[in-house]
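Some notes on the structure that comes next.
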Amino acid sequence: MAETTAPPDTVVAAGPKRLERLGIAAADRWAQLAASVFAGMLLRASFPPLNWWWAAILAFGLLSWVLIRRETTLAGGFGYGLLCGLAFYLPLLPWVGGLVGALPWLMLAVMCALFPAVFGAAAVAVRNLAGWPVWFALLWAAQEWAKSVIPFGGFPWGAVGYGQTAGPLLPLVALGGVPLLSLAVALTGAAGTALTVEIIRWLRSDTPPTADNGRPPAVLLPGLCICLVLLSAVAVWPGVRRSGAGAGDDPAITVAAVQGNVPRLGLDFNAQRRQVLDYHVRETLRLADDVEAGRVAAPLFVIWPENASDIDPMANADAAREITMAAQAIDAPILVGTVRAAPGWTREKPVATNSVLVWDPRTGPGESHDKRIVQPFGEYLPWRGFFRHLSGYADRAGYFVPGDGDGVVHVAGVPVGVATCWEVIFDRAPRESVLAGAQLLAVPSNNATFDEAMSEQQLAFAKVRAVEHDRYVVVAGTTGISAVIAPDGRELARTAFFEPAYLDTHVRLKTALTPATRWAPILQWVLLGAAVAGLLAAVRQNSRFTWFKRRSTGADVDSEERRR
């Protein structure tokens with residue numbers, strides 16, 4: 001058979017016609033496109049520094065309106081979810097671009113946006129199920145779980161619950177952790193849309209709203225969902241507030257956090273390591289002078305930031321002398337963030353651990369916490385041979401290896417749970433420490449390579465952990481923002497960004513376990529199982545899949561079509 005080809009004019013005209021069709025399609029859907037982008041922007045506004053917690057609820061309301069529209073297909077749901085995700089993550093993560101350039105920032109934002117995109121497609125699949133706001137909320141919680149574990153160990157940054165530190169729903173995190181808090185936000189927004197749609201339908205109808213065939217009104221379930229979320233938060237709040245106010249007979253101690261600062265921000269932080277150590281020694285000596293003068297209370301122990309001494313004091317006698325001098329001046333143990341060579345270290349492969357040492361003023365180094373969750377593309381580079389070709393910054397990634405243990409060290413007899421700036425994002429790290437007996441949580445962090453907005457976002461993680469586990473949390477950063485946080489999420493004290501300072505504050509040692517500490521992982525799996533079950537029910541109900549069911553059961557296709 002002779003081969004035929006299209007005329008050249010036809011081939012040339014195909015491209016413009018496709019663009020024209022794309023433009024027409026976009027014009028027809030301008031409202032949905034704009035709503036999706038605006039929803040992403042509202043999600044971003046719920047996070048620091050704006051902290052507009054209510055914006056996340058509006059965001060889910062807008063996105064739900066887009067996804068329940070009859071003309072929105074599965075592919076459309078994916079596209080709208082992707083737009084929402086890009087509008088959310090691009091302005092949430094610009095500090096990544098400031099560190100390693102625009103390409104890695106854009107790649108990370110696109111990767112994160114794929115998870116809301118999958119949510120959008122799945123939401124379209126389940127929207128015809130009864131109680132669709134519940135299924136939407138479950139699916140959103142499921143995609144947050146997926147993003148927290150894949151790829152390369154996950155990236156929980158951007159979980160909606162972390163944007164609720166200034167809102168009334170925060171106490172819910174003590175019941176079920178961040179998954180339950182995110183679920184509550186999504187459920188409230190989706191249920192609000194369901195209520196609004198039904199009310200508008202009633203207003204446009206000529207007949208008064210009545211129950212349909214004995215079924216309850218369509219507004220009942222979304223109304224109950226909103227009431228359940230609000231009443232649950234109200235019920236939990238008094239206990240959280242009492243704990244944050246220091247009620248009870250929990251023993252009180254004084255702790256200090258030292259923020260020594262660095263000479264300058266940026267990736268050359270490690271080149272300044274001796275100056276950084278000197279800065280933290282100097283600020284600790286200033287604290288000691290103020291204690292001696294009676295201006296502040298003597299701390300039981302002092303917390304230095306992550307990487308306060310990138311010179312290993314176990315191998316460098318000069319660094320050890322400086323730290324010992326500071327500890328003796330303040331007459332208290334110091335939690336020292338440092339870097340130590342790991343077994344198998346070579347010049348070609350300098351494997352190391354990011355460690356926090358307990359440094360006693362009389363006996364020197366004691367217990368240590370080796371960072372258990374290390375940061376991909378920063379502390380280590382996965383697929384090094386591949387990613388090093390994408391960015392000139394890739395080879396700057398370290399060779400850090402994860403440690404083990406439960407994250408608890410004993411300082412002056414106090415069991416302290418240590419979760420560094422990366423570990424605190426992951427639910428399991430602080431939870432394991434609290435279950436192992438931690439009565440106080442410490443978050444030594446290194447923000448010297450980032451900006452103030454990123455530091456504000458990171459501080460929100462510590463606030464959520466304080467409420468989640470009913471613990472005081474002490475955040476010590478090299479450049480800030482350092483803070484002492486009460487179990488109700490309030491800041492008892494804080495520093496400014498990029499300045500030398502110290503905090504000297506009374507805290508209470510707590511031992512009670514919240515429901516979230518005990519049961520949050522089980523709840524997470526229940527929510528995930530419910531989301532999968534809803535998706536499977538939607539697939540079974542969807543007419544596109546009934547053909548496979550009829551073939552497998554041997555049903556008569558022709559007679560089935562006639563019955564339709």
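The values are calculated or read from the model by the stated rules, or taken from the named source; none is laboratory data. Values in this document were obtained by computation on a predicted structure and should not be read as measured data. Methodologically, a virtual Cβ is constructed for each residue, glycine included, from the backbone with ideal geometry; neighbour enumeration extends over all protein chains shown. In case anyone asks, the SASA skips ligands and DNA or RNA and just uses the protein heavy atoms, side chains included. Shrake-Rupley method; radii C 1.70, N 1.55, O 1.52, S 1.80 Å.
Based on DSSP H segments of at least four residues, each scored -39500 (n - 2.57), the chain has a per-residue ellipticity at 222 nm of -16500 deg cm²/dmol. Descending by average beta-carbon neighbour count within 10 Å, the peptides 421-431, 301-311, 514-524 line up as 301-311, 421-431, 514-524, the highest first.
The stretch between Ala31 and Glu348 holds 108.6 nm of extra length on full extension. This uses 0.36 nm per residue minus the Cα-Cα distance.
Among beta bridges from DSSP that stay inside the chain, the antiparallel ones total about 65%.
Report the local net charge at Asp249: Lys and Arg +1, Asp and Glu -1, summed over other residues whose C-beta lies under 13 Å from its C-beta.
+2
Placing a label point 7 Å from the Cα of Thr511 along the Cα-to-Cβ line, the residues of the stretch 460-485 whose backbone N sits under 20 Å from it are 469-473. From a point 7 Å beyond the Cα of Arg286 in the direction of its Cβ, which residues of the stretch 240-260 have a backbone N at a distance under 18 Å? Counting backbone N atoms under 18 Å from the label point, the list is 256-260.
The angle between the Cα long axis of helix 102-126 and the longest principal axis of the Cα atoms of the chain comes to about 50 degrees, rounded to the nearest 10. Nonpolar atom fraction for the stretch 26-180, defined as the carbon and sulfur part of the 1.4 Å probe accessible area, stands at 76 percent.
Rg/Rh for the stretch 287-443: what does it come to with C-alpha atoms and Rh from Kirkwood?
Values: Rg = 17.2 Å, Rh = 16.8 Å.
With Rh from the inverse mean 1/r over Cα pairs, Rg/Rh is 1.02.
Ligands, DNA and RNA are left out, and with a 1.4 angstrom probe the accessible area of the chain is 45 Å² per residue.
In this calculation the C-beta distance from Ala436 to Leu106 is compared with R0 = 60 Å, giving a FRET efficiency of 0.90.
Residues whose amide H lies under 5 Å from that of Phe301, counting only those 5 or more places away or on a different chain, are Ala256; hydrogens are built 1.01 Å from N in the peptide plane. With 0.36 nm allotted per residue and the present C-alpha distance subtracted, the Arg396-Arg540 stretch has 46.9 nm of extension available. Each label was represented as a point 7 Å from its Cα along the Cα-to-Cβ direction; for Ala493 and Leu231 these points are 4.3 nm apart. Other residues with beta-carbon under 11 Å from the beta-carbon of Ala326 carry, at +1 per Lys or Arg and -1 per Asp or Glu, a net charge of -1.
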